[in-house]
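Accompanying notes for the structure given below.
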């Protein structure tokens, strides 16, 4: 029986694709292996959203190609956003790769492995998995990402996602519900809903208020402890009262919103092609903070966008200081070929963009530390994710306002718990990003 070794790069949405691909391959008789040395087939699911991701993908491919030349792995397949972005030209550059497969064609890999395959298969992305699609969970078995939609229809000038992933297309609500039911039956405690824009769920299917309706159905599932929503597009129309009320008031739903605003200056937002103006963004964030203080906010910013002078940057810095987001990430703008932003005048030198990103994160570190200190003495539910090297082999987990991989964690210095267990933890110490606590019981 042939064995397959898969490397998954990029975002959680890409990880879902990798898990689906592993499920399809297993159905066809290929067994996943954690060892490159044991693999008959090596597959790399790539990311190509920005140049840094492109470079990481190419390095992984070259490493696998060298291994293949040394006799490790009979076939090397590259799929995902990198082939979708660059097409067949990659085949000429790296001939060791047997197959280049686009984002919409990866479900055909099991069939293509049987022979007679083309060198590259890259079409218009249309694929959308459902609850009947086989899938092998590769990360923590108690916390799983569920992709509720694919693609994007927003006109952001800096972004390649519509080209790489196609237009926005929602899954059927019944299919999402059934998948979550199956996951919970298999022991999953937390589902994390992801899409390029989760707040647009159902819009393309002419379903009003699709996300809030989906959440109301998911909270009915017995045994499901947490539902987390990531990647919400920051337009006021997306955050209608029923959605915010269920996010703020339902015990099973993490009172946590990830809203990537990118910038706050009106001119920069317009150049970015964002659909929310400066005024609308301010009104939205202030409304959530005032009317729904239970909801913790995360955002993502981009600095160094063409035309961002010191005045525009200081405006963004002041906005971060004023809003005090619970969590925040920042990226330096990367000009990507094929985007409208790459043709804009007024480029910012990379070293200035990097310095601005550092200034934002220095400010945010103080804000995060302040907010974490306010947690000391409180008792909160914590989902145990694993063992903490920093706490002498004791458990570590996350609160409802800490998403996996991107936010901080809770290090447990006293008490025992199993991975996947929900416990009540008293917070005793706080750092800029992580918390420390003691287990006081089960939740």
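Where the centre of each part is set by its Cα atoms, how far does region 55-77 sit from region 136-163, in angstrom?
25 Å
Cα gyration tensor of region 114-216, axes a ≥ b ≥ c as square roots of the eigenvalues: rounded (a/c below 1.5), prolate (a/b > b/c) or oblate? Could you put the intermediate results ahead of the total?
Details: a/c = 1.93, a/b = 1.14, b/c = 1.68.
Oblate, since a/c reaches 1.5 and b/c is not below a/b.
How big is the antiparallel share of DSSP beta bridges in the chain, given as a percent to the nearest 5?
So the antiparallel bridges in the chain amount to around 30 percent.
Can you give the FRET efficiency for residue 207 and residue 294, using 1/(1 + (r/R0)^6), R0 = 35 Å, r = Cβ-Cβ distance, to the nearest 0.05?
0.85
Work out, step by step, the length gained on full extension between residue 93 and residue 26: first 0.36 nm times the residue separation, then minus their alpha carbon distance; give nm to one decimal.
Additional length available on full extension: 21.1 nm.
Counting only C-alpha contacts under 8 Å and six or more residues apart, can you give the relative contact order of the chain as a whole percent?
Relative CO of the chain lands at 9 percent.
Given points 7 Å out from each Cα along the Cα-Cβ axis, report the residue 66 to residue 311 separation in nanometres with one decimal.
5.0 nm
Can you tell me which of 426, 68, 279 moves the most in a GNM of the chain? Springs connect C-alpha atoms under 10 Å apart.
Among 426, 68, 279, the largest mean-square fluctuation in the Gaussian network model of the chain belongs to 279.
Give me the one-decimal nm value for the distance between modelled label points at residue 347 and residue 222, 7 Å along each residue's Cα-to-Cβ direction.
Once both label points are built, they end up 6.1 nm from each other.
Let me know the shape class of region 3-121, please: from the alpha-carbon gyration tensor, a ≥ b ≥ c as square roots of the eigenvalues, rounded when a/c is under 1.5, otherwise prolate if a/b is greater than b/c, or oblate.
Values: a/c = 1.29, a/b = 1.16, b/c = 1.11.
Rounded shape, in that the Cα axes give a/c under 1.5.
So if each residue of separation counts as 0.36 nm, and I subtract the Cα-Cα distance between residue 361 and residue 378, what length gain in nm does that give?
Full-extension gain reported as 3.5 nm.
With a point put 7 Å past each Cα toward its Cβ, work out how far residue 282 is from residue 132 in nm, to one decimal.
Once both label points are built, they end up 5.2 nm from each other.
When a/c is below 1.5 the answer is rounded, else prolate if a/b is larger than b/c, else oblate, so apply that to region 1-62 with a ≥ b ≥ c taken from the square roots of the Cα gyration tensor eigenvalues.
Since a/c reaches 1.5 but b/c is at least a/b, the shape of region 1-62 is classed as oblate.
Residue separation times 0.36 nm, minus the C-alpha to C-alpha distance between residue 35 and residue 440: what's the value?
So the extension gain works out to 141.8 nm.
How large is the helix-only mean residue ellipticity at 222 nm for the chain, computed as the sum of -39500 (n - 2.57) over DSSP H runs with n ≥ 4, divided by its residue count, in deg cm²/dmol to the nearest 500?
-10000 deg cm²/dmol
Values quoted throughout were computed directly from the atomic coordinates according to the rules given, and no laboratory measurement underlies them. Since this is a predicted model, take the numbers as computed values, not measurements. Note that we place each Cβ from the backbone using ideal geometry, even for glycine, and neighbour counts take in every protein chain shown.
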